Structure formats: structure tokens, C-alpha cells
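The values are calculated or read from the model by the stated rules, or taken from the named source; none is laboratory data. Quick caveat, the model's predicted, so the values are computed rather than measured. As a convention, Cβ positions derive from the backbone with ideal geometry for all residues, glycine included, and neighbour counts pool all protein chains shown.
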Amino acid sequence: MAAPLTILVVLAVTIRAALFNSSLSKVIAERVEVVSPVTSWKRVVEGLALLDLGVSPYAGDVFHETPLVIYLFHFLVDYAEITFVLADVIAAVALYMAVKDYNKQVFRKQKFALEMEQYPLDCVDLMRSPKEMYYTPLKVAIFYLLNPFTILSCVAKSTCGLNNCVVALFILATVKGNVLLSAIFLSLATYQSIYLFTLCAPALLYLMQRQYIPVNLQRASFWWFVAQYAFMYLGSVFVIVCLSFFLLGSWDYLPSVYGFILSVPDLTPNIGLFWYFFAEMFEHFRLFFLCVFQINVFFYTLPLSIKLKEHPLFLMFMQLALTSIFKSYPTVGDASLYLAFLPVWSDLHRFLRNIFLVTCTLLACSALFPVLWHLWIYAGSANSNFFYAVTLLFTVAQILLVSDYFYAFLRREHHLSYGLYLKKKDGSEAALVLK
């Protein structure tokens, strides 16, 4: 599999290099679907200019990235394009290795269950074949590297690509069972995007299952492991935050980065739900609805963790999807990370109900974003309602996609427990209704 992966990497790098050297790169870098006030390269350049003048990049209301990012590009600004391409390649290779290791664990678990006759006889059709699982890691790498959303983010030099790289390394470390590296990469991911704190739950569940610590048994061992991981994670966050302070010489970045993300003062149009809603909001209601919108990202973590405690990687996929949908300043680059995991769940295709509708909707929205933006901003023949309608449709399509995979996953698990062809007491065929 090394040769196909190498060919894929060469092809992906070639596409990005061609776009970097084309006239489209400047157009892509200005697209509101691709960059946000947090991830825009243009704002990073302005922050670097302020830093070179001896002024804090957070003195104004322009730069909202983290100090480590601006100091990284303080040294690599001349190699920015290479840095973003390399970040995409590292993320793809990390996902490839993580899925490859995960598939080995799934195959061993499936083989053991079949030998112990834990599955009904009519569930053979639901089993994953070695041939299918063999190509899954390569498909994941393809879904990430050749995804137009990923390519656009890279060409726009959106710092979302760096965050995706860190998250991919976190997933790899977690799947490999390296507790320390998992905690360090999760702290870096949280440092970049505070919403990714929710990945603590699937990481803990995965690591505990890999180390054979039952969630419901050995309570002392369970809480001791949680305390160890929390100590490593919080310790890493503390070190990163202190390093940022020593580099910058002040705590100005805290309100400018995390306060900016949580309070949403910049209502620049994007593909999220916040900007239009709060542009129309009465000021005295703003705080209440701001809390409601922000809590929405974290609200589903606990119930999903309880329901999917035996399947932490699928829980991780769900959390990444919900974060990319409900965060305050989303871009298409956020969606590209969780979309890369779809080949991992190829065994769910027979239970999906809306995949054709969702695919067509996502494609239509992707095409309509630039059209309605042009009609609103340049032609003046439309208004913000048109563009926001497409963002709503794009969000609904993502929610429908995630909920459909969640339904299909639960249905497959039910069939693995009770059989593929359910019967009533009188012997007639039964219909499965999940509530």
C-alpha cells in the first residue's frame, strides 16, 4: 500500500502547487466559505507586520490566531505554502496509519466474536471482509487529500489545515494507545480550537478499552486512569499557555483568541449559523442566545458518550462533525476532516436512508455559495437572506448526514445482537423502529 499512498501524495501536492501558482489562489484566499476571521492568512500576515514593528498583534481587532501560530510563521513565512501542503500530507498519512491500526483491532474483535458464536448466523452479510478493510485506509487518505474542501483550505492558506493536522496526529496517538502523546496533541488541538475539548471523552474511552480497563468495572482503576489522563492533558495545556505568555509577554491573546471565539463580535458572513442570527438579534437578547448557541457544541457529548461508549472512534467522528457544524466560525476545511472518515463506515451503506439526497444537497450548496455571494455583494440583485439560506441548507445537509450515519450505526449494532431478519412471535417479518 506504500506505492498507492505515495502516488496519491504526489498527485495531491501537484494539484496544490498548480493552484498556488495560478490566478485562482488570490480569489480562493478571499472566499468566506474557505477562511474565517480566525483562520484567514491575510490576518496572519497583518499580525506578523505588527509583530515586526514591536507592537502586540492583539493590540487591534485584526489578528485572532494563537501566539504559537504567529511565531511559527514568523520563521516560516517565506515557506508558508510548503508548510500548509506538508500539514495536509502529514494529516492524511496520520489518518491512514490510524485507520489501518483501527481496522486490525476491528478484524481481531470480529474474528473472536465469530469464533465464540456471539453473532446470529444470519449476520454474516454484515461482517467486514478483509479485502474491503484492506483498502479503507487508502480511501480515507484519498477522501482527505483530494477533497475539494481540503484543497481550497490549503490554497487559501487557512490555518484550519494546521489544526486538522494536529487533530489527525491526536487520533493516531489515541488509536496507537500512546496516552502521553494523545494528551499532548489534544491539548494542542484545544489550544487552537477550544471546542475540541469534547474529544476528551472518546479519547479516554478508546484508551481505556485498548488497555483493557472496563468502564463499568474496576472503579478504582477507571478513575485512576481518568486522573492520569487529565493530569497529562491539563499539564500540557498549562505548559502551552505559559509558553504563549513568555513568547508574547502578556495575556492579551486570551480575550483576543478565546474571548473572540466565544463572544462572536465579528459577524463576517461564513457558512455557520451565528453571523446572520446575531446581526438581526436585539442586543438585550444577545447574551442568552449566545450561551444557547455555544452550549450546543458541548451539549451532545455526554449522551453520545453514554450511547457509544463501546465505539469510541465512531463517537470521535460524531464529535468532530458536530464541532464543525456548530462552532462560531466554521469553514469548509473543518468539514473535510470528518468527511474523510466516511470510508471507515462503508459497512453502514445498506442502512443509510438519505445519502443520495444529502450528497446532492452538499454539491448544490457548494456551487451556490459563490453564485449567491456574487449576486449579493457585486451584482446587488440579492441580499443576505439568499446567502444565509444556502448556509442553513448546508448545515441541515450536514446534520442529516451525521444523523443518518448514527441511525445506520445503531441499526447495524442491533442486527448484530438480534439477527438481520427479525421475526414476530407469530413468525411473520418484523419491522425495526429505533426511537
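Exactly one residue out of 264, 332, 297 is under 18 Å from residue 191 (Cα atoms), under 18 Å from the mean Cα position of the chain (by Cα) and in contact (Cβ under 8 Å) with a residue 12 or more places away in the chain: that is 297. A single entry from 221, 263, 236 fulfils the requirement of being over 25 Å from residue 100 (Cβ atoms), of a type in the set (Ser, Thr, Tyr) and buried (at least 18 other Cβ atoms within 10 Å of the Cβ): 236.
Test residue 348 against the stated conditions and say whether it is at pLDDT below 90 and touching a Phe, Trp or Tyr at 6+ places or on another chain (Cβ under 7 Å). So residue 348 fits the description; yes.
In the set (1) part of a helix (DSSP H, G or I); (2) within 24 Å of the chain's Cα centre (by Cα), residue 246 fails one condition alone, (2). Candidates are the residues of segment 378-409 that are surrounded by fewer than 17 Cβ atoms within 10 Å (Cβ to Cβ), among the aliphatic types (A, V, I, L, M) and at pLDDT 90 or above; the one that is nearest to residue 325 (Cα to Cα) is 399. Can residue 287 be described as crowded, with 20+ Cβ neighbours inside 10 Å, over 10 Å from the mean Cα position of the chain (by Cα) and of a type outside the set (Asp, Glu)? No; evaluated as a whole, the condition is false for this residue. Residues in segment 54-79 that are at pLDDT 90 or above and assigned to a helix (DSSP H, G or I) were compared, and the one that is nearest to residue 21 (Cα to Cα) is 79. Evaluation of residue 32 against the conditions (1) in a loop (DSSP other than H, G, I, E, B); (2) touching a Leu at 6+ places or on another chain (Cβ under 8 Å); (3) closer than 26 Å to residue 269 by Cβ shows that the sole unmet condition is (2). When you scan segment 233-246, do you find a residue that is of a type in the set (A, V, I, L, M) and over 26 Å from residue 168 (Cβ atoms), even just one? Looking through segment 233-246, none of the residues is of a type in the set (A, V, I, L, M) and over 26 Å from residue 168 (Cβ atoms).
Against the test of being modelled with pLDDT of 90 or more and part of a helix (DSSP H, G or I), the options 19, 51 yield a single qualifying residue, 19. Quick check on residue 131: is it over 26 Å from residue 67 (Cα atoms) and either free of Cβ contacts under 8 Å to residues at least 40 places away in the same chain or touching a Cys at 6+ places or on another chain (Cβ under 8 Å) (or both)? Judged against the criteria, residue 131 is a match.
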